[in-house]
1. Based on the Cβ-Cβ distance from ASP96 to ASP183, what FRET efficiency comes out when R0 is 45 Å, to the nearest 0.05?
2. Please find the FRET efficiency linking ILE218 to ILE157, where r is the Cβ-Cβ separation and R0 is fixed at 25 Å, and quote it to the nearest 0.05.
3. Hey, what do the phi angles of the stretch 122-132 turn into as Karplus ³J(HN,Hα) couplings, whole Hz, using 6.51/-1.76/1.60 and θ = phi - 60°, x for Gly and Pro?
4. Taking neighbour Cβ counts within 10 Å as the exposure measure, how do ARG147, ARG214 sort from fewest upward?
5. Under a straight-distance cross-link criterion of Cα-Cα below 14 Å, which aspartates and glutamates are reachable from LYS168, leaving out those fewer than 8 residues away in the same chain?
6. Rg(Cα) of the stretch 208-291 divided by 2.2 N^0.38 Å?
7. Summarise the long-distance tail of P(r) for the stretch 78-223 by giving the % of C-alpha pairs beyond 20 Å.
8. Pop the C-beta distance of ILE231 and ALA111 into the FRET formula with R0 = 25 Å and round what comes out to the nearest 0.05.
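Each reported figure results from applying straightforward, stated rules to the coordinates on display, with no laboratory input. Quick caveat, the model's predicted, so the values are computed rather than measured. Cβ coordinates were reconstructed from backbone atoms using ideal geometry, including for glycine residues, and neighbour counts include every protein chain displayed.
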Amino acid sequence: MAAAAIIPSVSTPNLHFQANRKKGLALTWASPSRNSLLIRSSLLDSSNATVLEAAAKHTVDTFIKSGMVVGLGSGLASHMAIQYLGRQLRLGTIKDIVGISISVGSASEAAKAGIPLDHYQDNSQVDFAFNDADIIEEGTLISVIGRRRLQGEESIIQEKTVLKAAKKLVFMVTEKQYKGGLDGSIPVLVNSYNWLETAEEIDDLFLGDAEVWRRPAIGYAGPMGGDFPLITKEGHNVLDLIFTSPILNLAEVATSLDNINGVVDHGVVLKIPCTAVVASEDGAYIVENPPKNVETRI
């Protein structure tokens with residue numbers, strides 16, 4: 001298979017999943033640099049932090065009202081929004097907020113910010129939620145989450161559950177993350193006991209457009225997951241579906257994955273209505289689906 005566009009070539013040869021899958025071989029190798037690029041989050045430099053902070057503050061000021069139950073997202077912008085929300089609670093500008101954390105990181109930030117927390121349960125009311133996204137599709141606002149290495153008790157399933165339960169959802173992203181012709185990877189959660197069979201089916205479905213690698217918990221990555229493949233807190237493996245050509249339609253990819261036996265969930269979030277606060281060097285702007293007639297500039 002051709003190397004994924006997000007991964008630079010390396011001089012040392014390595015064994016690919018496509019070559020080994022029919023024989024069920026487990027011996028694979030990849031360089032540390034290749035591994036870190038494969039599973040990394042979308043990296044945000046310091047110049048992005050300023051506009052993301054403005055977007056985070058605008059999200060809190062515009063959408064969060066006293067008495068709300070708020071889903072607290074994960075990522076740089078979300079952590080800025082959590083910190084700012086905590087300051088508003090201390091000042092009394094906003095009152096009686098209850099937070100529902102979507103990750104260990106957001107729970108930790110909320111605790112430090114002084115935001116009261118509750119656990120999500122089936123049919124819990126979530127008035128509003130905000131989150132970062134790795135990428136978000138222009139126009140549709142369909143997003144991809146979960147590219148980063150999962151830490152501790154973090155869960156893509158938990159994250160998506162809270163986001164989908166919210167009456168209103170806002171993603172905060174940079175302009176580079178909001179675009180058409182998306183690229184990169186989509187995490188796919190699969191049953192561990194038959195993960196290889198599921199990986200083969202996914203690989204066949206996207207043959208020529210993507211590679212399938214099992215994500216490691218530690219150490220080097222390889223198509224088979226290395227010596228220590230990641231097991232989520234729910235007991236699933238994570239496959240990274242790494243696209244080598246543009247992702248033309250995220251909704252179709254999500255539907256295709258949903259129809260594969262052994263796929264438990266994936267990192268594609270389809271939520272309508274949905275709002276994106278897009279941060280750029282020139283400021284930030286709000287995009288909504290369903291769209292409104294006037295684009296809002298911050």
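1. Working: r = 43 Å, r/R0 = 0.95.
Rounded to the nearest 0.05, the efficiency is 0.60.
2. Numbers: r = 22 Å, r/R0 = 0.86.
It comes to 0.70.
3. Karplus-based 3J(HN,Hα) across the stretch 122-132 equals 3, 6, 4, 7, 10, 6, 7, 9, 10, 6, 7 Hz.
4. Working: ARG147 21, ARG214 24.
By the 10 Å Cβ count, ascending: ARG147, ARG214.
5. ASP127, GLU288
6. Working: Rg = 16.7 Å, N = 84, 2.2 N^0.38 = 11.8 Å.
The reported ratio for this selection is 1.41.
7. Working: 6180 of 10585 pairs.
Here the long-distance tail beyond 20 Å is 58 percent of all Cα pairs in the stretch 78-223.
8. Working: r = 27 Å, r/R0 = 1.06.
After rounding, the FRET efficiency stands at 0.40.
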